[in-house]
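The values are calculated or read from the model by the stated rules, or taken from the named source; none is laboratory data. Just so it is clear, the model here is predicted, and its values are computed rather than measured. In this analysis, Cβ positions are derived from the backbone assuming ideal geometry, glycine residues included, and neighbour counts consider all displayed protein chains. Accessible surface is based on the protein model in full, side chains and every heavy atom, while ligands, DNA and RNA are left aside. Shrake-Rupley method; radii C 1.70, N 1.55, O 1.52, S 1.80 Å.
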Amino acid sequence: MSLNTSAWLILGFGLLLFILLAGLKAGLGGFGARYQKRGNLFTPAELNFLRALDRAVGQKLRIFGKVRVADVLSVKGGTNRRANWNAFAKISGKHFDYVLCDPQTLNVLGVVELNDKSHDRRDRQLRDALIRRACLEAGMPLIEVPAARTYNPIQIHDSIFAALGTQTSAH
């Protein structure tokens, strides 16, 4: 190997090492960091409803917030892999506002969607129709609640347990 070829190899290796180290530094929070802490998980309206929901169900249910739809519902297996993938892709980037679980087993019993004014938009209406259809097909109770300034925990309780029917054990 000639001296000229060796010099080019060393220079190329050094450049590659520099690029890798710069990328590693950027990924660890150095210059060019791509991520930051978001702060609150819930908007003030979502937190307000969560507090009312907690009061309404007490210890009878365990509530989880902002759970990915694909973690609650799955696509029925079929022979058409492309159709299965398309069905999964439609739900994978969406989440339920609240998921209601049995407090002992954490079995999902139902889901709650808090509908604020954004649900009047066409894109949200299409999303809501998809969620309704997916829940209906899966046999998952979906409780939709209009956003409000205040909530009556008794009304929330009655709506939830009516939708869940006999799935909920009395604790």
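Counting only residues that are at pLDDT 90 or above and open to solvent by 100 Å² or more (accessible area, probe 1.4 Å), which one in the range 20-47 is nearest to the chain's Cα centre (by Cα)? Per the criteria, the residue is LEU41. Here ALA83, ALA134, ALA87, ALA129 are screened, and the one residue that is assigned to a helix (DSSP H, G or I), in contact (Cβ under 8 Å) with a residue 24 or more places away in the chain and out of contact with any Cys (no Cβ under 8 Å at 6 or more places or on another chain) is ALA134. Residues in the range 48-78 that are touching a strand residue (DSSP E or B) at 6+ places or on another chain (Cβ under 6 Å) and either open to solvent by 60 Å² or more (accessible area, probe 1.4 Å) or part of a strand (DSSP E or B) (or both): 7 in all. Taking the numbered list (1) part of a loop (DSSP other than H, G, I, E, B); (2) touching a residue at least 12 places away in the same chain (Cβ under 8 Å); (3) over 18 Å from VAL67 (Cα atoms) in turn, GLN104 passes all entries but (2). Return a yes/no flag: does the range 131-143 have any residue that is farther than 14 Å from LEU73 by Cβ and surrounded by 16 or more Cβ atoms within 10 Å (Cβ to Cβ). Within the range 131-143, one or more residues are farther than 14 Å from LEU73 by Cβ and surrounded by 16 or more Cβ atoms within 10 Å (Cβ to Cβ).
Picking from residues in the range 79-103 that are open to solvent by 40 Å² or more (accessible area, probe 1.4 Å) and of a type in the set (Phe, Trp, Tyr), the one that is farthest from GLU46 (Cα to Cα) is TRP85. Within the range 104-125, the residues that satisfy the criterion of being under 20 Å from GLY165 (Cα atoms) and surrounded by fewer than 16 Cβ atoms within 10 Å (Cβ to Cβ) are GLN104, THR105, LEU106, ASN107.
If you check PHE96, PHE64 for being at pLDDT 95 or above, of a type in the set (A, V, I, L, M, F, W, C), touching a helix residue (DSSP H, G or I) at 6+ places or on another chain (Cβ under 8 Å) and under 21 Å from VAL145 (Cβ atoms), only one passes: PHE96.
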